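Encoded as C-alpha coordinates, here's the structure I'll be asking about.
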Amino acid sequence: MKKLTKRTPIEDELLNAFAQGKTPTDRDFDLLLPPGPRSHSRFHWTPVRVAMTIARFLATSSDSRVLDIGSGCGKFVCIGALTTPGHFYGVEHRPPLHQIAIDLSERLKLNRAHFTKGDAFSIDWNKFTAIYLFNPFGENLWPIERIDGDKTLKVQQFCLFTKLAVQKLTDLPVGTRVAPYHGFGDQFPPTFRQIHSIDIARGPIELWMKES
(Lines give C-alpha, C1' and ligand atoms only; values in the text may rest on other atoms or scores of the structure.)
Protein backbone atom coordinates (compact mmCIF):
# COMPACT_ATOMS: atom_id res chain seq x y z
CA MET A 1 0.00 0.00 0.00
CA LYS A 2 1.39 3.36 -1.01
CA LYS A 3 1.87 5.79 1.86
CA LEU A 4 0.90 9.42 1.62
CA THR A 5 3.69 11.78 2.61
CA LYS A 6 1.65 14.96 2.36
CA ARG A 7 -1.61 15.63 4.18
CA THR A 8 -4.68 16.38 2.11
CA PRO A 9 -6.98 19.39 2.68
CA ILE A 10 -9.50 17.03 4.32
CA GLU A 11 -6.86 15.85 6.78
CA ASP A 12 -5.77 19.40 7.56
CA GLU A 13 -9.37 20.48 8.13
CA LEU A 14 -9.94 17.57 10.50
CA LEU A 15 -6.79 18.31 12.47
CA ASN A 16 -7.75 21.97 12.77
CA ALA A 17 -11.17 20.99 14.11
CA PHE A 18 -9.65 18.80 16.83
CA ALA A 19 -7.09 21.50 17.67
CA GLN A 20 -9.93 23.99 18.19
CA GLY A 21 -11.75 21.62 20.56
CA LYS A 22 -14.48 20.83 18.06
CA THR A 23 -16.06 17.42 17.48
CA PRO A 24 -15.88 16.42 13.81
CA THR A 25 -18.66 14.25 12.43
CA ASP A 26 -18.06 10.57 11.82
CA ARG A 27 -18.78 11.16 8.17
CA ASP A 28 -15.89 13.64 7.99
CA PHE A 29 -13.45 11.45 9.92
CA ASP A 30 -14.35 8.32 7.96
CA LEU A 31 -13.39 10.05 4.72
CA LEU A 32 -9.82 9.34 5.82
CA LEU A 33 -10.47 5.60 5.52
CA PRO A 34 -10.48 3.47 2.36
CA PRO A 35 -13.99 2.63 1.07
CA GLY A 36 -14.02 -0.92 2.45
CA PRO A 37 -13.24 -0.10 6.09
CA ARG A 38 -15.34 3.06 5.81
CA SER A 39 -18.39 0.92 5.05
CA HIS A 40 -17.96 -0.86 8.41
CA SER A 41 -17.77 2.32 10.45
CA ARG A 42 -21.33 2.38 11.80
CA PHE A 43 -21.00 -1.07 13.37
CA HIS A 44 -17.32 -1.51 14.12
CA TRP A 45 -15.48 1.80 14.59
CA THR A 46 -15.96 4.00 17.64
CA PRO A 47 -17.99 7.19 16.98
CA VAL A 48 -15.89 10.35 17.22
CA ARG A 49 -17.84 11.80 20.16
CA VAL A 50 -17.61 8.52 22.07
CA ALA A 51 -13.87 8.21 21.36
CA MET A 52 -13.20 11.73 22.63
CA THR A 53 -15.22 11.14 25.82
CA ILE A 54 -13.57 7.83 26.64
CA ALA A 55 -10.06 8.98 25.73
CA ARG A 56 -10.29 11.89 28.16
CA PHE A 57 -11.30 9.54 30.97
CA LEU A 58 -8.59 6.98 30.23
CA ALA A 59 -5.70 9.33 29.44
CA THR A 60 -5.34 11.75 32.34
CA SER A 61 -1.71 12.73 31.77
CA SER A 62 1.26 12.35 29.45
CA ASP A 63 2.17 9.19 31.40
CA SER A 64 -1.09 7.48 30.46
CA ARG A 65 -0.77 4.39 28.26
CA VAL A 66 -4.11 3.28 26.81
CA LEU A 67 -4.56 -0.09 25.09
CA ASP A 68 -7.37 -0.57 22.55
CA ILE A 69 -8.31 -4.25 22.25
CA GLY A 70 -9.17 -4.90 18.60
CA SER A 71 -8.18 -1.50 17.24
CA GLY A 72 -9.31 -2.14 13.66
CA CYS A 73 -8.42 0.77 11.37
CA GLY A 74 -7.07 2.83 14.30
CA LYS A 75 -9.90 5.36 14.66
CA PHE A 76 -10.07 5.37 18.47
CA VAL A 77 -6.29 5.33 18.90
CA CYS A 78 -5.78 8.25 16.54
CA ILE A 79 -8.55 10.32 18.11
CA GLY A 80 -7.15 9.64 21.56
CA ALA A 81 -3.69 10.77 20.48
CA LEU A 82 -5.20 13.89 18.90
CA THR A 83 -7.30 14.97 21.87
CA THR A 84 -5.37 13.97 25.02
CA PRO A 85 -1.75 14.03 26.24
CA GLY A 86 -1.59 10.25 26.61
CA HIS A 87 -0.06 7.49 24.50
CA PHE A 88 -2.50 5.17 22.75
CA TYR A 89 -1.78 1.64 21.61
CA GLY A 90 -3.89 -0.58 19.36
CA VAL A 91 -3.67 -4.32 18.84
CA GLU A 92 -5.37 -5.85 15.79
CA HIS A 93 -5.05 -9.36 14.33
CA ARG A 94 -6.15 -8.51 10.78
CA PRO A 95 -3.07 -7.40 8.77
CA PRO A 96 -4.97 -5.13 6.30
CA LEU A 97 -6.66 -3.17 9.10
CA HIS A 98 -3.38 -2.96 11.01
CA GLN A 99 -1.70 -1.43 7.96
CA ILE A 100 -4.54 1.06 7.44
CA ALA A 101 -4.15 2.16 11.07
CA ILE A 102 -0.41 2.70 10.64
CA ASP A 103 -0.92 4.66 7.43
CA LEU A 104 -3.60 6.83 9.07
CA SER A 105 -1.41 7.71 12.05
CA GLU A 106 1.54 8.51 9.77
CA ARG A 107 -0.55 10.77 7.54
CA LEU A 108 -1.82 12.64 10.61
CA LYS A 109 1.75 12.68 12.03
CA LEU A 110 0.74 11.20 15.39
CA ASN A 111 3.78 10.19 17.41
CA ARG A 112 1.65 9.01 20.34
CA ALA A 113 -0.37 6.49 18.34
CA HIS A 114 1.16 3.02 18.27
CA PHE A 115 -0.07 -0.18 16.62
CA THR A 116 0.75 -3.87 17.05
CA LYS A 117 -0.37 -6.67 14.75
CA GLY A 118 -1.34 -9.83 16.57
CA ASP A 119 -3.33 -11.52 19.31
CA ALA A 120 -4.59 -9.24 22.09
CA PHE A 121 -4.03 -11.96 24.68
CA SER A 122 -0.34 -12.31 23.83
CA ILE A 123 0.19 -8.75 25.08
CA ASP A 124 0.88 -7.91 28.73
CA TRP A 125 -2.10 -5.72 29.65
CA ASN A 126 -0.35 -4.80 32.90
CA LYS A 127 2.01 -2.50 31.02
CA PHE A 128 -0.86 -0.10 30.38
CA THR A 129 -2.64 2.33 32.67
CA ALA A 130 -5.98 1.92 30.90
CA ILE A 131 -7.87 -0.49 28.64
CA TYR A 132 -10.56 0.22 26.03
CA LEU A 133 -13.00 -2.49 24.91
CA PHE A 134 -15.53 -1.86 22.14
CA ASN A 135 -17.30 -5.24 22.35
CA PRO A 136 -14.17 -6.72 20.74
CA PHE A 137 -15.38 -10.33 20.62
CA GLY A 138 -19.01 -9.77 19.67
CA GLU A 139 -18.36 -10.26 15.98
CA ASN A 140 -18.18 -13.99 16.67
CA LEU A 141 -21.93 -13.90 17.42
CA TRP A 142 -23.10 -11.69 14.55
CA PRO A 143 -24.36 -13.36 11.35
CA ILE A 144 -24.12 -10.06 9.45
CA GLU A 145 -21.71 -7.13 9.29
CA ARG A 146 -18.68 -9.37 9.60
CA ILE A 147 -15.51 -7.54 8.61
CA ASP A 148 -13.92 -10.54 6.94
CA GLY A 149 -17.14 -11.75 5.27
CA ASP A 150 -17.20 -15.03 7.23
CA LYS A 151 -20.78 -15.39 8.52
CA THR A 152 -20.07 -18.48 10.61
CA LEU A 153 -21.11 -18.05 14.25
CA LYS A 154 -18.25 -18.89 16.60
CA VAL A 155 -19.89 -19.12 20.01
CA GLN A 156 -17.15 -21.23 21.56
CA GLN A 157 -14.52 -18.74 20.43
CA PHE A 158 -16.56 -15.89 21.88
CA CYS A 159 -16.82 -17.69 25.24
CA LEU A 160 -13.10 -18.42 25.25
CA PHE A 161 -12.13 -14.84 24.47
CA THR A 162 -14.41 -13.35 27.11
CA LYS A 163 -13.06 -15.79 29.70
CA LEU A 164 -9.49 -14.79 28.82
CA ALA A 165 -10.46 -11.11 28.99
CA VAL A 166 -11.88 -11.55 32.51
CA GLN A 167 -8.62 -13.16 33.60
CA LYS A 168 -6.60 -10.33 32.06
CA LEU A 169 -8.78 -7.78 33.87
CA THR A 170 -8.44 -9.68 37.14
CA ASP A 171 -4.65 -9.52 36.91
CA LEU A 172 -4.48 -5.76 36.25
CA PRO A 173 -2.83 -3.57 38.91
CA VAL A 174 -4.90 -1.43 41.25
CA GLY A 175 -5.77 1.93 39.72
CA THR A 176 -6.09 0.68 36.13
CA ARG A 177 -8.98 2.34 34.29
CA VAL A 178 -11.16 0.36 31.90
CA ALA A 179 -13.86 1.65 29.57
CA PRO A 180 -16.13 -0.76 27.69
CA TYR A 181 -18.44 0.53 24.98
CA HIS A 182 -21.34 -1.85 24.35
CA GLY A 183 -19.69 -4.12 26.92
CA PHE A 184 -17.13 -6.84 26.31
CA GLY A 185 -19.30 -9.95 26.68
CA ASP A 186 -18.98 -10.75 30.38
CA GLN A 187 -19.12 -9.27 33.89
CA PHE A 188 -16.30 -7.30 35.48
CA PRO A 189 -14.35 -9.03 38.26
CA PRO A 190 -15.49 -8.02 41.80
CA THR A 191 -12.21 -6.14 42.28
CA PHE A 192 -13.54 -3.42 39.95
CA ARG A 193 -15.91 -0.59 40.74
CA GLN A 194 -18.03 1.19 38.16
CA ILE A 195 -17.49 4.90 38.70
CA HIS A 196 -19.57 6.33 35.90
CA SER A 197 -21.99 5.45 33.09
CA ILE A 198 -22.94 7.66 30.17
CA ASP A 199 -25.60 7.14 27.51
CA ILE A 200 -24.13 8.58 24.36
CA ALA A 201 -24.39 8.00 20.62
CA ARG A 202 -25.54 4.43 19.96
CA GLY A 203 -24.90 2.82 23.32
CA PRO A 204 -23.71 3.14 26.93
CA ILE A 205 -20.19 4.01 27.97
CA GLU A 206 -19.14 2.43 31.27
CA LEU A 207 -16.15 3.70 33.21
CA TRP A 208 -14.54 1.25 35.65
CA MET A 209 -11.51 1.25 37.94
CA LYS A 210 -9.55 -1.61 39.52
CA GLU A 211 -9.71 -1.05 43.30
CA SER A 212 -8.20 -4.18 44.81
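If S62 passes every condition in (1) open to solvent by 60 Å² or more (accessible area, probe 1.4 Å); (2) under 24 Å from I200 (Cβ atoms); (3) among the small types (G, A, S); (4) modelled with pLDDT of 95 or more but one, which one does it miss?
With respect to (1) open to solvent by 60 Å² or more (accessible area, probe 1.4 Å); (2) under 24 Å from I200 (Cβ atoms); (3) among the small types (G, A, S); (4) modelled with pLDDT of 95 or more, S62 is out only on (2).
Ok, one more. Give me a count of the residues in region 35-53 that are small (G, A, S) and either buried (at least 17 other Cβ atoms within 10 Å of the Cβ) or closer than 18 Å to F184 by Cα (or both). Spell out the reasoning first.
Just the residues of region 35-53 that are small (G, A, S), to begin with: 36, 39, 41, 51.
From the residues that got through so far, the ones that are either buried (at least 17 other Cβ atoms within 10 Å of the Cβ) or closer than 18 Å to F184 by Cα (or both) too are 41, 51.
Residues meeting the conditions: 2.
To continue, here is another question. Any residue in region 81-106 that's touching a residue at least 40 places away in the same chain (Cβ under 8 Å): show its pairings with residues that are open to solvent by 60 Å² or more (accessible area, probe 1.4 Å) at Cβ separation under 6 Å, as long as the two are six or more apart or on different chains.
Q99/M1; D103/K3
Ok, one more. Consider D28 carefully, then state whether it is surrounded by fewer than 16 Cβ atoms within 10 Å (Cβ to Cβ), without any contact (Cβ under 8 Å) to a residue 40 or more places away in the chain and either in contact with a Pro (Cβ under 9 Å, 6 or more places away or on another chain) or not basic (K, R) (or both). Outline the logic, then answer.
On the way: surrounded by fewer than 16 Cβ atoms within 10 Å (Cβ to Cβ): yes; without any contact (Cβ under 8 Å) to a residue 40 or more places away in the chain: yes; either in contact with a Pro (Cβ under 9 Å, 6 or more places away or on another chain) or not basic (K, R) (or both): yes.
Yes.
The values are calculated or read from the model by the stated rules, or taken from the named source; none is laboratory data. Predicted model only: the values in this text are computed from it and were never measured. So basically every Cβ, Gly included, is an ideal-geometry build from the backbone, and we count neighbours across all protein chains shown. Heavy atoms of the whole protein, side chains included, go into the accessibility calculation; ligands, DNA and RNA do not. Shrake-Rupley method; radii C 1.70, N 1.55, O 1.52, S 1.80 Å.
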